[in-house]
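Everything on this sheet refers to the single structure shown next.
The values are calculated or read from the model by the stated rules, or taken from the named source; none is laboratory data. Since this is a predicted model, take the numbers as computed values, not measurements. Cβ sites come from the backbone with ideal geometry, for glycine too, and all protein chains shown count toward neighbours.
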Amino acid sequence: MSAPDPAATGPGAAPGSADGLARPPRALGSATAILLIIASMVGTGVFTTTGFLIRDLGSTSAVLLAWALGGLTAVCGALAYAELAAALPHNGGEYTLLSRIYHPAVGFIAGWISLVVGFSAPMAASAIAFGDYLGRILPGVDPSAAGLAAILVLALLHGLRVRLGGIVQNLVTAATVVLIVLFIAGGLAVGDLSRITPLADPSTAAAVASPAFAVGLVFVSFAYSGWNAAAYVAGEIDRPGKSIPRSLILGTLTVAALYLGLNLVFVIAAPAADLAGVVEVGYVAAEHLFGDPLITAGLTVIVALGLLTTVSALMMAGPRVYEALGADYPRFRRLAGRLTGDPGDRGPAAAIALQVVIAAAMVLTASFDQLLTYMGMTLALSSGLTVAGVFVLRRREPGLPRPYRTWGHPLTTLIALALMAWMIAFTVAVRPLTSLVAAATIAAGLVVYALVRPRPGPA
C-alpha cells in the first residue's frame, strides 16, 4: 500500500484527490517542461531592460553583473522549488505550495497575485509587444488586434488540445532559442569588447553599491520571471520526481546563459551613450553590429517568436493556478472545470477563459503599465516565501518523501533569499508608492479570502 499523499486534503490539495474532481493526467514530458520554462522567461524584459540599466548605472560591467545576479537568484530559487515541487507534485505553483507549507490564506494571496500581476499582465504586455513587432514585419497590422488574435488562438489550442499545445510550444521555443544563439554568435564575432567598463573602474563599484543597482535587480528579476513555470503544471508532468527538478534546473540555467550572452552582445554592440534609456535596445545593437536591414528584420522575427512563446507559456501555466484554487474553494469551483472529451487532452477551459478576459481587457486599455511597475516586487515576495519553505518543511516534516533534495542547501537557498530580500528592501526604500500599491494588492487578496474561504458546517 502506498503512503498517503500529504497534500491530499485541504486548500492546496491535488484536484481530484478529495473533492470529486478529476485529477488531470500526467501528459507532459520533461522536454515540454524545460521548454515551458524557457518560453516563460524569454519575453519582453530581456529585450527592453538593458538600456534603462545603462542609463541608471552608467557602467556596462555593473549591468552585466546585475544580469548575472539575476540569473544566480533564479538558479538558486529553482533548486529550492525543485525539492518542493518534486515532493508535492500538484498543479498550482506557489498557491499550492504556500497553502501546504504555511496557511491557506498565504497560498490564496499567492494565487491572487498570480491572477492579477503574475500572468494576465505580462500576457497582455507580451501580446501587445508581439503585435508591435509583427507590424514591423507586416506593415498595416493593428498591434492590439494581432495581440488579441494571438491570445485567442493560443487559448483555444491549450484549452482543447493539451498535447498539441505542448508540441507547438516546444517547436516555437526551440526555434527561438536557435535564433538567439545565432544572434549571440554573430554579435560576439563583430562586437567591440573594449566597450565593457573595467571591473576595477571606480564607476563600477559605485554603481553596484548604489540603490539604483538594487532597483535594477527588480527589473532584471521581471525578465527572469518564469523560472518556476514547471511548478505550475507539476500535476501534469510525467515522472515528477525526476522530471520536475531536471526541468526547473536545466531550463533556468539555459535562459541564464542566453540572457548573459544577449546582454554581452548588447553592451559591446554600440557606445553606452547610444544605448542609455533606449527601449528597443536590440534594434540599436543590431544596427550598430551589422548595419543590414535584413539582419535587423531577423532580430524582429526572433523577438516576435519569443513574445509568442511567452504568451503561450503563460496560457499553459497560469490557468493551472486558478484550476487548483477552484478545486479548493466552492465559490470558484467553475475554474476547476475542463471540457468534455478525451480527459487526457483537455485544458482547464474555465480558468483559461478567465485569464483571457483579464488579459484582453488589459490589451484594450493598456492598464497593464501600472501593474508591470510593481510586478517584480510582489512576485519576489511570493517566490521568497516559497524558497523559505524548504527550511520550514524540512523542520516540520523530515519524513516527507523527497525524490530530490536542494543541491547546495542551505547555502544556495540562503543566496536566493538574500538577493530577493535585497531587492524588496531597496524597492520599499526607494519607491515607497510602488510598495504601497503592492501592499494594497495583498490586502485586497486577504479581503477576498475572508469572503470565499470554506467555513466549517455545524457539528
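Structure values in brief
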quantity: Filter result for Gly235 (surrounded by fewer than 18 Cβ atoms within 10 Å (Cβ to Cβ), of a type outside the set (Phe, Trp, Tyr) and modelled with pLDDT under 90); calculated: no
quantity: Candidates Thr309, Thr300 - the one that is farther than 18 Å from Asn228 by Cα, among the polar types (S, T, N, Q), part of a helix (DSSP H, G or I) and out of contact with any strand residue (DSSP E or B) (no Cβ under 8 Å at 6 or more places or on another chain); calculated: Thr300
quantity: Any hit, region 96-119, residues being touching a Ser or Thr at 6+ places or on another chain (Cβ under 6 Å), crowded, with 18+ Cβ neighbours inside 10 Å and either of a type in the set (Lys, Arg) or in a loop (DSSP other than H, G, I, E, B) (or both); calculated: no
quantity: Selection count where residues are touching a Gly at 6+ places or on another chain (Cβ under 9 Å) and either β-branched (Val, Ile, Thr) or on the phi > 0 side of the Ramachandran plot (or both), scope region 86-113; calculated: 6
quantity: Candidate set: region 50-73, residues that are among the hydroxyl-bearing types (Ser, Thr, Tyr) and assigned to a helix (DSSP H, G or I); chosen: the one modelled with the lowest pLDDT; calculated: Thr50
quantity: Lone unmet requirement of (1) at pLDDT below 90; (2) buried (at least 18 other Cβ atoms within 10 Å of the Cβ); (3) under 19 Å from Ala80 (Cα atoms) for Ala438; calculated: (3)
quantity: Where Val177 falls short, out of the listed (1) under 14 Å from Ala270 (Cα atoms); (2) under 21 Å from the mean Cα position of the chain (by Cα); calculated: (1)
quantity: Among (1) surrounded by 24 or more Cβ atoms within 10 Å (Cβ to Cβ); (2) under 19 Å from Met41 (Cα atoms); (3) modelled with pLDDT of 90 or more; (4) more than 21 Å from the chain's Cα centre (by Cα), the one test that Val267 misses; calculated: (2)
quantity: Pairs where the first residue, in region 375-398, is farther than 12 Å from Met423 by Cα and the second is charged (D, E, K, R) and crowded, with 24+ Cβ neighbours inside 10 Å, C-beta under 8 Å, 6+ apart; calculated: Ser382/Glu94; Ser383/Glu94; Leu385/Glu94; Thr386/Glu94; Val390/Glu83
quantity: Enumeration of residues in region 203-254 that are of a type in the set (Gly, Ala, Ser), within 29 Å of Ala324 (Cβ to Cβ) and either out of contact with any helix residue (DSSP H, G or I) (no Cβ under 9 Å at 6 or more places or on another chain) or in a helix (DSSP H, G or I) (or both); calculated: Ser221, Ala223, Ala229, Ala230, Ala231, Ala234, Gly235, Gly241, Ser243, Ser247, Gly251
quantity: Residue list for region 165-198, filter: out of contact with any Pro (no Cβ under 9 Å at 6 or more places or on another chain), part of a helix (DSSP H, G or I) and over 15 Å from Ile38 (Cα atoms); calculated: Gly165, Leu182, Phe183, Ile184, Ala185, Gly186, Gly187, Leu188, Ala189, Val190, Leu193, Ser194
quantity: Subset of region 382-410 (residues that are out of contact with any helix residue (DSSP H, G or I) (no Cβ under 9 Å at 6 or more places or on another chain) and part of a helix (DSSP H, G or I)); calculated: Arg395
quantity: Residue in region 133-140 that is surrounded by 22 or more Cβ atoms within 10 Å (Cβ to Cβ), within 19 Å of the chain's Cα centre (by Cα) and either closer than 16 Å to Leu308 by Cα or at pLDDT 80 or above (or both) present; calculated: no
